[in-house]
Amino acid sequence: MKRRAATMNSGSSGSPMAGSGCSLCERPAVIRLFDPERRLCADHLLADCAERVDDALKGRIAPGDRVAVGLSGGKDSRLLLILLHRLLASSEGVHLVAITIDEGIAGYREETMEAAAELTSRLGVEHRVLSFSDLFGADLDALLTNRVEQGCTVCGVLRRRALEVGAADADATVIATGHNLDDEAQSVLMNLLRGDLPRMVLDTSGGLPECFIPRIKPLSVLSEKEITVCLMMMGEFVDLPECPYAGGALRGEVREILADLEFMYPGTMRRLISSRDQVRDIVGMMPRQGEIQRCLRCGGTASGEICSVCRVLGRTDISSGTMIDERDTDGNDG
Ligand code: SF4
């Protein structure tokens, strides 16, 4: 496959457009977008992205909702909180609470935690921090002893549970996470490559009131590049270290492949997600009440007798072939 040039100059979000004007005004464009093709200045890019996120929120948040925002401090969750804070400011009785999970990753989490605390303090948003140590008795570094290669799988399962616990403690009615369009497209292709169509089309966004809180992904309409450029234009971009466990084998490969395809055929990722949505519409794949139950060991949500949290904590050997529920292993840093 033809590899991307070192400097990006195309794709769903493209590069700074030196010398080109905004399609909507006279100011210099900072980005080139597709579907429809347009060049946008900083102000019009921010307006365009905010409008798309606002559309994605329609029907998902109601007056009186308490929205738990998963805030790692990284760029995705950072923009998510900023946009939700702006877009929901006029919504009647909607309360935001940011929840940061401290996995216990030495040399990495400290900086992102500081960034999260600074942002919530500046925005005046309630901020809660939960740690793996308190919830699960050990931090991630300790849990990954002799199984570093399972980093994102273990972390994803525990982070999801931690966020659910934090959201429940905060009486949240909705959980919002910072998954972006690239994350979504990668998950679609990964599930296809694994031959797991049911998992690909499963939609938990509606939630099941007695079992878990509905989850929404408002940033799934924005590409990673759009998010980065938005933050830079807002003066909100913070250069943070990368998690030492990032880049699991399959997701890393899929990320590269999709980035190449997006470069050569702009809109590839959006079309991939659209294909999944079309399949969802056809088969109507929502989890049924009977598919979610209480774990026999910890009482948490489970799709079998034992939940994936108990499995990754060593109560069942996950390397022995026991499947971890992929809904719990999104591995997104937010
Ligand atoms: Fe956890 Fe994200 Fe690090 Fe993976 S990359 S181990 S999901 S913090």
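With N counted as the residues of region 7-141, its alpha-carbon radius of gyration over 2.2 N^0.38 Å works out to 1.30. Placing +1 on the Cβ of every Lys and Arg and -1 on the Cβ of every Asp and Glu, with nothing else charged, gives region 79-183 a dipole about its Cα centre of roughly 200 debye. Residues whose amide H lies under 5 Å from that of residue 176, counting only those 5 or more places away or on a different chain, are 68, 69, 70, 216; hydrogens are built 1.01 Å from N in the peptide plane. In this structure, the amide hydrogen of residue 20, modeled 1.01 Å from its nitrogen in the peptide plane, lies closer than 5 angstrom to those of 29, counting only residues at least 5 positions away or on a different chain. Distances between placed amide hydrogens fall under 5 Å for residue 100 paired with 71, 128, 129, 130, all partners being 5 or more residues away or on another chain. Dipole of region 100-139 computed with +1 at Lys/Arg Cβ and -1 at Asp/Glu Cβ about the Cα centre; of 120, 104, 132, farthest Cα towards the positive end is 120. Applying the Karplus relation 6.51 cos²θ - 1.76 cosθ + 1.60 with θ = phi - 60° to region 27-43 yields 3J(HN,Hα) values of 6, x, 7, 10, 7, 10, 10, 10, 6, x, 5, 7, 10, 10, 6, 4, 5 Hz, where x marks Gly and Pro.
Since every read-out is calculated from the coordinates, none of them should be taken as a lab result. What you see is a predicted model; the values in this text were computed from it and never measured. Ideal geometry is used to build each Cβ from the backbone, glycine not excepted, and the neighbour counts take in all protein chains shown.
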